[in-house]
1. Please give the FRET efficiency for T230 paired with T146, using the beta carbon to beta carbon distance and R0 = 22 Å, rounded to the nearest 0.05.
2. Full-extension gain between V172 and F128, please, as 0.36 nm times their residue separation minus the C-alpha to C-alpha distance.
3. Provide the per-residue ³J(HN,Hα) series for region 172-189, in order, calculated from phi with Karplus coefficients 6.51, -1.76, 1.60 and θ = phi - 60°, each as a whole number of Hz, with x at glycine and proline positions.
4. Would you please put 126-132, 192-198 in order of how densely packed they are, using the mean number of other Cβ atoms within 10 angstrom per residue and starting with the highest?
5. What does the charge add up to near T123, with Lys and Arg as +1, Asp and Glu as -1, over the other residues with Cβ less than 13 Å from its Cβ?
Amino acid sequence: MAHQHPYHLVDQSPWPLTGANQWLNDDLSTSPMIPYPKNHPTQSSIISTYFNHGNMVTSHSTGSYFPSKTHCNCSNSTSIRHDFFYNFWSLLLLLLFSESFFHSSLAPSVEIGVTSGPPSGITPLNPFLVPLLNTAVLLSSGVTITWSHHSILAGNRTEAIQALFLTVALGVYFTILQAWEYIDAPFTIADSVYGSTFFVATGFHGLHVIIGTTFLLICLLRLSGHHFSTHHHFGFEAAAWYWHFVDVVWLFLYVCIYWWGS
């Protein structure tokens, strides 16, 4: 049956329904108000479901899962490209975290023993040590992923793989530095509103870095498997947009929380 719309649709599969059912089981098993069997290993099942669904979508796009079908057409890719920008809702959450941080810094309560800046007893992190190194790492990763993109457009697959591998390595290095910073921090998430907003905002960004690194790693595997061409590489473009967004958010966090907040 032909569909009279430009949206990319894959064939029917059990994975969306399976994933929704596993999310429901996960919610029920973690709720203390519902008498439901606890400690179900649903997280691994959810990851497995989404992996299988993503693998099917990728195979459909490359034409290897359904031999009678080819790559999705340009109008479909354009529709997906437009829909991708709706994922930037996470920026709104970051603004909420930042509002809490700025309010506590610019209009603090005297009950917490502070007139401006970090609360009494809180020693902020030096913005010119690990945070500055993390900034250099993310900016460098933005350069390498752009290099990889231009290499794909030029048809130079070897350079594209090398540049994308460097980007993934820099993303992993950033996560390691962030974890080291958390372990070495002189305050915790329980230390006043400063500690809470610091760990929530930077941790939320760190989660996006981990997601983006995973996204790029999948693109690296697909690039190595000849899934991308000079005209058919939207999966890579989506990952690159996401990664540049993560870079910009980090610059905002570095200036506002690490540098100005110290």
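Each reported figure results from applying straightforward, stated rules to the coordinates on display, with no laboratory input. As the structure is a computational prediction, the values presented were derived from the model and not from experiment. A quick note on method: Cβ atoms are made from the backbone with ideal geometry, for glycine too, and the neighbour counts reach across all protein chains shown.
1. The value I calculate is 0.85.
2. 13.8 nm
3. In residue order, the calculated couplings are 5, 4, 4, 4, 5, 5, 5, 5, 4, 5, 5, 5, 8, 5, x, 9, 10, 5 Hz.
4. Packing proxy ranking, top to bottom: 192-198, 126-132.
5. That sum, taken over residues with Cβ under 13 Å, equals -2.
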